[in-house]
Amino acid sequence: MHIDIITLFPEIFPPIFNHSILKRAEQKGIFSVQFHNLRDYSTNNYHSVDDYPYGGEAGMVMQIEPIYNCIEDLKQKRSYDEIIYTSPDGELLDQKLSNSLSLMENICILCGHYKGVDERVRQNLITREISIGNYVLSGGELASMVICDSIVRLIPGVLSDETSALSDSFQDNLVSHPVYSRPQSFNGWEVPKVLLSGNDKLIKQWQEEESLKRTKQRRPNLL
Ligand code: ADE
């Protein structure tokens, strides 16, 4: 999978992409990412990419021209399965959407800013709008990082233990069961005995029951 990210702040991405699973995915050659500075596609000497909204409200709007130029330029090199715009009023990101995006070859993400983008971008250049939650961020950069992280870990071959993504919370509309590690007893707080039993069938059954119990308690809407 290749992801192109169009942003006003390309310099804030490398620390996230150069660590952990995103980095491993890149090293394995399963995933690649490029950051594109929207200002490089500005058509004026000041490299500005925003202007006042028609109608006279407060705030600035991201203009269509630099975005169009950037997307057209990128489309010369790749044909995209989705061109995503990050926006608080987009479709809510969930595990199902992450799963389907993880099967794609090429994705482009435009990070929103200011008051938003000229509506003609949304109508004509974007194929999907995604929100990461019902709150407003100052820009789409964090949202695009969240989208990338949630989808890249699902690409086959990225996680060394393939089954670990399958037992993630939400993967079958259940949150995941509790987990424990050594020591067996700490401060008098014990690991559930069943996990020490060596009986795989009983352990699996316990995990499924705990998963269901937690989902009922914490996320009943998933059931
Ligand atoms: N931009 C600002 N807020 C956002 C959100 N919640 N999700 C995606 N993009 C955003």
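The values are calculated or read from the model by the stated rules, or taken from the named source; none is laboratory data. Just so it is clear, the model here is predicted, and its values are computed rather than measured. Reconstructed Cβ throughout: ideal geometry from the backbone, glycine too, with neighbour counts over all protein chains shown.
The residue of the stretch 167-223 that is surrounded by the fewest Cβ atoms within 10 Å (Cβ to Cβ), among those that are of a type in the set (G, A, S) and within 25 Å of R153 (Cα to Cα), is S181. The set of residues in the stretch 172-216 being assigned to a helix (DSSP H, G or I) and among the small types (G, A, S) consists of S211 alone. With respect to (1) crowded, with 18+ Cβ neighbours inside 10 Å; (2) modelled with pLDDT under 95; (3) farther than 23 Å from V33 by Cα, the lone exception for K115 is condition (1). Cβ-Cβ distances below 8 Å connect the following pairs, each with a first residue in the stretch 153-180 that is in contact (Cβ under 8 Å) with a residue 12 or more places away in the chain, a second residue that is loosely packed, with under 13 Cβ neighbours inside 10 Å and basic (K, R), and a separation of six or more residues or different chains: G157/K28; V158/K28; V175/R218. Just one of the listed residues (Y54, Y41, Y68, Y80) is exposed (fewer than 14 other Cβ atoms within 10 Å of the Cβ), modelled with pLDDT of 95 or more and not acidic (D, E), and it is Y54.
When the residues of the stretch 1-26 are narrowed to those that are out of contact with any Lys or Arg (no Cβ under 9 Å at 6 or more places or on another chain) and among the β-branched types (V, I, T), which ends up surrounded by the fewest Cβ atoms within 10 Å (Cβ to Cβ)? Residue satisfying both the conditions and the ranking: I12. Of all the numbered requirements in (1) under 29 Å from F31 (Cα atoms); (2) not assigned by TED's automatic domain parsing to the domain that holds I21; (3) not hydrophobic (A, V, I, L, M, F, W, C), S185 misses one, and that requirement is (1).
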